[in-house]
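*Asks:* I have a structure here, written as structure tokens, and I will follow up with some questions on it.
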Amino acid sequence: MSQSAVLDAGLRPGTEPQDPARRPLPRFFGKGVLAVVLGLYTIYTLGPFLWLATMSVRTTAEISAAPYAWPTVFRWEQYRTAWESGFAVYFWNSAIVVVGAVVVVTLIGAAAAHALARYRFRGNRLIYSILFSSIIFPPQITLISLYQILVDYNLYNSLFGLALVYISLQLPLTVYLLEGFFARIPQDLFDAAKMDGYGDLEIFWRIVLPVGMPAIATTLILNFIQLWNEFLFAVVLITDPDKRTLPIGIRAFMGDHFQDIGMIATGVMVSVIPVIIAYVFFSEKLIRGMTAGAIK
Amino acid sequence: MAVVRLDKIVKRYGMGGPVVVEDVDLTIEDGEFMVLLGPSGCGKSTTLRMIAGLETISGGTLSIDGRVVNDVPAKDRDIAMVFQSYALYPHMSVAENLAFGLRRRAIPNAEIDRRVKAVAEILGLVPLLARRPAALSGGQRQRVALGRAMVREPQVFLFDEPLSNLDAALRVNTRSEIIKQHNRLGSTMIYVTHDQVEAMTMGTRICVMNAGKVAQIGAPLEVYWQPANTFVARFLGAPPMNLMATTLDGARARSMAVDAPLSRWSEAALVPYAGRRITLGVRAEDLSLERPAGAGIGKLRGRTVAVEPLGAETLVLVALDGETEITARLPRQVMVALDQELELFFRPEAAYLFDAESGLAIAPREDAAAVIGAAVQRRAH
Ligand SMILES: Nc1ncnc2c1ncn2[C@@H]1O[C@H](COP(=O)(O)OP(=O)(O)O)[C@@H](O)[C@H]1O
Ligand SMILES: [Mg+2]
């Protein structure tokens, strides 16, 4: 059977609920050693971020005087300045393109993954292999042809066009990840829903999506972060300053304020915060807890 | 009211693929508890799933109350099913699991609540209504699965090995719970199992299946006492019925180690087999070390190869001449050693005869029914 506590919740009869992922740690990993390792790793990953966060509320003069110092005065007004000098526009552009693309990718990707995982039809595995092979190739090879296509269809330099490109970029991996998870949902669940009077589309909405939520949340975060930080396609396909997304906006901003480290730090923070929020909201643990009640 | 009728039902997977259910004829009467019994892979689940509408029917007609439902989708057949895995929706509470099947059927919410509550009371699920399946034990999950079928108040209940994931004690409890609900509701129920004890104790009738075909249909004791063929003879009863290759010699079945007078059969029934090979069957519990009184006593000779004292009784494995091994179920006080020469006896009514080629039972003569009746009484105590 599957390895997922969520899937097994209603399905592995006779066993008491328990999370198969939780095993006692091997002994030689004493708690102390573990704490030290985790502590060092946390400092290593969190350090630069914290440094950036402190710089975002300090002026450039303060930063040059003492680069690593804790802020004496928290200058939150720097956020307002950054927001008003273009970041608002970049932020909303990013939000529209990324949220739009992620929503579409999730819905289409989940539907496609469900179809590939659940229905037998001619060409099922062929479609799956084509999708999979498109994951292997680096997306950059499509850049030039995409550029030409967007120009031909009047979608060049438009947020809608960029969103379409983003959808096509993220769809294969999304389908691939979700198919793997959906295929492990036992057929009995679908049969039970059929006996309960539900049609295929309703089963997708009421069974596949909720039961597949942990996997869907993972792809949501993954797609959101990748697209939120996406630079290459945006810089090639968008030229209009009013249509810049955050990653190209930051670069332009750096060009304009190349000596103003404090301001740049503030701008970068503006673009990073949504990623953190997205992660907190869609972290698999959280979703798992909400959907299955499997966490004790 | 629901009579489920299978008429020459066939299931074939794919064009020209293997036939896994072949020409099954079976009528399940209204309010009957029909058990489909057979070894793993014999097509029980496939048959059940065709009745449910989860599997297409490759041939024959399936009707419920005279209406042909071959092409009616599952949701319009008014059938509920309990799955072996229970198939509870993991993202819904017990109450939502129970109500889910009613929500698509234009039933007012108040009525849904009433039914969910009523079923929860009957099955003792009230304290669990707010829980998710993950927080239930195996037995509780099983009861939710049963409840989910019951709230629907369907015409027909289907069960696919619903007890096979429970431990022994719980299995017995749940067995009687299901029978209780059958008696209370009086609905038509079709129950798939590979466990002969479940079949014998639960079914009003048993349909024994083998390799996609019906081997025999009958009441539990009928199937046990009058097996239609060697498959049924060996599948029902533990240990399985002993079968021995013999030759018909007058009115006796004989081999090097076997000598059985066949007083249950009329001469006419035996004529076609005169001098030919014939399979003799005797159940392990009908063998004894002491020669019973009366005439027509059958006799076997062999050597013990294994002795298994089970406490209440002792199973003795005896090798007849050649490769045939038979089992005798003897009283616990008997003392037999390994590799001991033994003679075993059986009464005439304990003998069964099967065609050596087809495996079909050779019917005893009409008045042998009285003999069987006596045998039933003797054992039913
Ligand atoms: N989707 C399928 N494709 C091909 N063969 C199948 C399929 N499902 C079941 N079978 C075969 O059908 C036979 C009967 O299966 P099943 O009805 O599940 O048996 P049972 O429930 O009696 O154990 C088995 O031999 C099985 O391998
Ligand atoms: Mg089965």
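*Asks:* Among the residues of region B:344-352, is there at least one that is touching a helix residue (DSSP H, G or I) at 6+ places or on another chain (Cβ under 9 Å), modelled with pLDDT of 85 or more, assigned by TED's automatic domain parsing to the domain that holds B:ALA268 and of a type in the set (Asp, Glu)?
*Replies:* Quick first cut of region B:344-352, residues touching a helix residue (DSSP H, G or I) at 6+ places or on another chain (Cβ under 9 Å) only: B:346-352.
From what's left, modelled with pLDDT of 85 or more: B:346-352.
Pick out the ones that are also assigned by TED's automatic domain parsing to the domain that holds B:ALA268 and you get B:346-352.
Next, only the ones that are of a type in the set (Asp, Glu) stay: B:349.
Checking region B:344-352: at least one residue is touching a helix residue (DSSP H, G or I) at 6+ places or on another chain (Cβ under 9 Å), modelled with pLDDT of 85 or more, assigned by TED's automatic domain parsing to the domain that holds B:ALA268 and of a type in the set (Asp, Glu).
*Asks:* In the set B:GLU153, B:GLU121, which member is surrounded by fewer than 16 Cβ atoms within 10 Å (Cβ to Cβ), under 28 Å from the mean Cα position of the chain (by Cα), more than 8 Å from chain A (Cβ to nearest Cβ) and at pLDDT below 95?
*Replies:* Going through B:GLU153, B:GLU121 in turn, just one is surrounded by fewer than 16 Cβ atoms within 10 Å (Cβ to Cβ), under 28 Å from the mean Cα position of the chain (by Cα), more than 8 Å from chain A (Cβ to nearest Cβ) and at pLDDT below 95: B:GLU153.
*Asks:* Let me ask another. Say whether the condition of being surrounded by fewer than 18 Cβ atoms within 10 Å (Cβ to Cβ) and within 16 Å of ligand 2 (Cβ to nearest atom) is met by at least one residue in region B:65-73.
*Replies:* To start, the set of residues in region B:65-73 that are surrounded by fewer than 18 Cβ atoms within 10 Å (Cβ to Cβ) comprises B:65-68, B:70-73.
Applying the additional criterion that residues be within 16 Å of ligand 2 (Cβ to nearest atom) yields none.
Scanning region B:65-73 turns up no residue that is surrounded by fewer than 18 Cβ atoms within 10 Å (Cβ to Cβ) and within 16 Å of ligand 2 (Cβ to nearest atom).
*Asks:* Counting just the residues of region B:4-38 that are within 14 Å of another protein chain (Cβ to nearest Cβ) and more than 16 Å from ligand 2 (Cβ to nearest atom), which one comes out surrounded by the most Cβ atoms within 10 Å (Cβ to Cβ)? Show your work before the answer.
*Replies:* At the first step, the residues of region B:4-38 found to be within 14 Å of another protein chain (Cβ to nearest Cβ) are B:13-15, B:17.
Subset that is more than 16 Å from ligand 2 (Cβ to nearest atom): B:14-15, B:17.
Values: B:GLY14: 8, B:MET15: 6, B:GLY17: 10.
Looking at the filtered set, the residue picked out is B:GLY17.
*Asks:* Can you pull out the residues in region B:251-296 that are over 22 Å from B:TYR224 (Cα atoms), under 31 Å from the mean Cα position of the chain (by Cα) and among the β-branched types (Val, Ile, Thr)?
*Replies:* Listed by number, the list holds a single entry, B:VAL258.
*Asks:* So, of the residues in region B:44-63 that are more than 14 Å from every other protein chain (Cβ to nearest Cβ) and under 20 Å from the mean Cα position of the chain (by Cα), which turns out to be nearest to ligand 2 (Cβ to nearest atom)? Walk me through how you get there before you give the answer.
*Replies:* At the first step, the residues of region B:44-63 found to be more than 14 Å from every other protein chain (Cβ to nearest Cβ) are B:44, B:47, B:57-63.
Adding the requirement that they be under 20 Å from the mean Cα position of the chain (by Cα) leaves B:44, B:47.
Details: B:LYS44: 5, B:THR47: 10 Å.
Among those residues, the one meeting the criterion is B:LYS44.
*Asks:* If you scan region A:185-210, which residues turn out to be facing another protein chain (nearest Cβ under 7 Å) and in a loop (DSSP other than H, G, I, E, B)?
*Replies:* Across region A:185-210, the qualifying residues are A:PRO186, A:ASP196, A:GLY197, A:TYR198.
*Asks:* Could I ask something else about it? Do you know which of the residues in region B:11-25 that are β-branched (Val, Ile, Thr) and within 8 Å of ligand 1 (Cβ to nearest atom) is nearest to B:ASN70 (Cα to Cα)?
*Replies:* The initial filter retains those residues of region B:11-25 that are β-branched (Val, Ile, Thr), namely B:19-21, B:24.
Okay, now just the ones that are also within 8 Å of ligand 1 (Cβ to nearest atom), so B:20-21.
Numbers: B:VAL20: 18, B:VAL21: 15 Å.
It comes out as B:VAL21.
Yes/no per residue for (1) closer than 23 Å to B:TRP225 by Cα; (2) outside any loop (DSSP other than H, G, I, E, B); (3) at pLDDT 95 or above:
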position	(1), (2), (3)
B:ALA293	yes, no, no
B:LYS299	yes, yes, no
B:THR304	no, yes, no
B:VAL307	no, yes, no
B:GLY311	no, no, no
B:THR314	yes, yes, no
B:GLY322	no, no, no
B:VAL334	no, no, no
B:ALA337	no, no, no
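*Asks:* I'd like to check something: does region B:184-191 contain any residue that is closer than 16 Å to B:SER85 by Cα, touching a Lys or Arg at 6+ places or on another chain (Cβ under 8 Å), assigned by TED's automatic domain parsing to the domain that holds B:THR27 and within 16 Å of ligand 1 (Cβ to nearest atom)? Give the steps one after another, and end with the answer.
*Replies:* In the first step, residues of region B:184-191 are kept if they are closer than 16 Å to B:SER85 by Cα; the result is B:191.
Among the residues that remain, those that are also touching a Lys or Arg at 6+ places or on another chain (Cβ under 8 Å) are: none.
No.
*Asks:* Quick test for you: out of B:GLY296, B:GLY237, B:GLY302, pick the one residue that is touching a residue at least 40 places away in the same chain (Cβ under 8 Å) and closer than 16 Å to B:LEU342 by Cβ.
*Replies:* Sole residue among the options that is touching a residue at least 40 places away in the same chain (Cβ under 8 Å) and closer than 16 Å to B:LEU342 by Cβ: B:GLY302.
*Asks:* Scanning for something at the interface with chain A (Cβ under 7 Å from one of its Cβ atoms) and closer than 18 Å to B:LYS180 by Cβ, does region B:75-84 turn up at least one residue?
*Replies:* yes
*Asks:* Follow-up. Could you please tell me which pairs satisfy a Cβ distance under 8 Å, a separation of 6+ or placement on different chains, a first residue in region A:33-51 that is under 30 Å from A:GLY262 (Cα atoms), and a second residue that is surrounded by 10 or more Cβ atoms within 10 Å (Cβ to Cβ)?
*Replies:* What qualifies is A:PHE49/A:VAL272.
*Asks:* Among the residues of region B:138-150 satisfying the criterion of being more than 9 Å from every other protein chain (Cβ to nearest Cβ) and touching a strand residue (DSSP E or B) at 6+ places or on another chain (Cβ under 9 Å), which is farthest from B:SER93 (Cα to Cα)?
*Replies:* Here is the first cut: in region B:138-150, the ones more than 9 Å from every other protein chain (Cβ to nearest Cβ) are B:140, B:143, B:146-147, B:150.
Filter again for touching a strand residue (DSSP E or B) at 6+ places or on another chain (Cβ under 9 Å), leaving B:146, B:150.
Details: B:LEU146: 15, B:MET150: 17 Å.
If we take residues in region B:138-150 being more than 9 Å from every other protein chain (Cβ to nearest Cβ) and touching a strand residue (DSSP E or B) at 6+ places or on another chain (Cβ under 9 Å), then B:MET150 is farthest from B:SER93 (Cα to Cα).
*Asks:* Moving to a separate point now. Which one of these does B:ALA135 not meet: (1) more than 14 Å from chain A (Cβ to nearest Cβ); (2) surrounded by 18 or more Cβ atoms within 10 Å (Cβ to Cβ)?
*Replies:* Every condition holds for B:ALA135 apart from (1).
*Asks:* Still on this structure, I have one more. Can you find even one residue in region B:222-231 that is more than 16 Å from ligand 1 (Cβ to nearest atom), surrounded by fewer than 21 Cβ atoms within 10 Å (Cβ to Cβ) and assigned to a loop (DSSP other than H, G, I, E, B)?
*Replies:* yes
*Asks:* Right, here's the next one. With the checklist (1) in a strand (DSSP E or B); (2) within 16 Å of ligand 1 (Cβ to nearest atom) in hand, flag the one item B:LEU243 doesn't pass.
*Replies:* With respect to (1) in a strand (DSSP E or B); (2) within 16 Å of ligand 1 (Cβ to nearest atom), B:LEU243 is out only on (2).
*Asks:* Also: Considering only region B:45-57, how many residues are away from ligand 1 (no atom under 11 Å from the Cβ) and either closer than 14 Å to B:ASP25 by Cα or outside the structural domain of B:TYR13 (by TED's automatic domain parsing) (or both)?
*Replies:* 2
*Asks:* Take B:GLY41 and decide whether it is away from ligand 2 (no atom under 12 Å from the Cβ) and modelled with pLDDT under 95. First the steps, then the outcome.
*Replies:* Details: away from ligand 2 (no atom under 12 Å from the Cβ): no; modelled with pLDDT under 95: yes.
The answer is no for B:GLY41.
*Asks:* (1) outside the structural domain of A:LEU220 (by TED's automatic domain parsing); (2) touching a residue at least 12 places away in the same chain (Cβ under 8 Å): which one isn't true of A:TYR128, the others all being true?
*Replies:* The single condition A:TYR128 does not satisfy is (1).
Results for (1) in contact with a Pro (Cβ under 7 Å, 6 or more places away or on another chain); (2) without any contact (Cβ under 8 Å) to a residue 24 or more places away in the chain; (3) more than 30 Å from B:ALA233 (Cα to Cα); (4) part of a strand (DSSP E or B), shown as yes or no for each residue.
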{"residue": "B:GLY17", "(1), (2), (3), (4)": "no, yes, yes, no"}
{"residue": "B:LEU26", "(1), (2), (3), (4)": "no, no, no, yes"}
{"residue": "B:MET34", "(1), (2), (3), (4)": "no, no, no, yes"}
{"residue": "B:THR46", "(1), (2), (3), (4)": "no, no, no, no"}
{"residue": "B:GLU55", "(1), (2), (3), (4)": "no, no, yes, no"}
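*Asks:* Only one of these is within 18 Å of B:GLN84 (Cα to Cα) and either assigned by TED's automatic domain parsing to the domain that holds B:THR188 or of a type outside the set (D, E, K, R) (or both): B:ARG143, B:ARG105. Name it.
*Replies:* Values: B:ARG105 fails: within 18 Å of B:GLN84 (Cα to Cα).
Result of the check over B:ARG143, B:ARG105: B:ARG143.
The values are calculated or read from the model by the stated rules, or taken from the named source; none is laboratory data. Fair warning: this is a prediction, and the values are worked out from it, not measured in the lab. Heads up, the Cβs are rebuilt from the backbone with ideal geometry, glycines too, and the neighbour counts pull from every protein chain shown.
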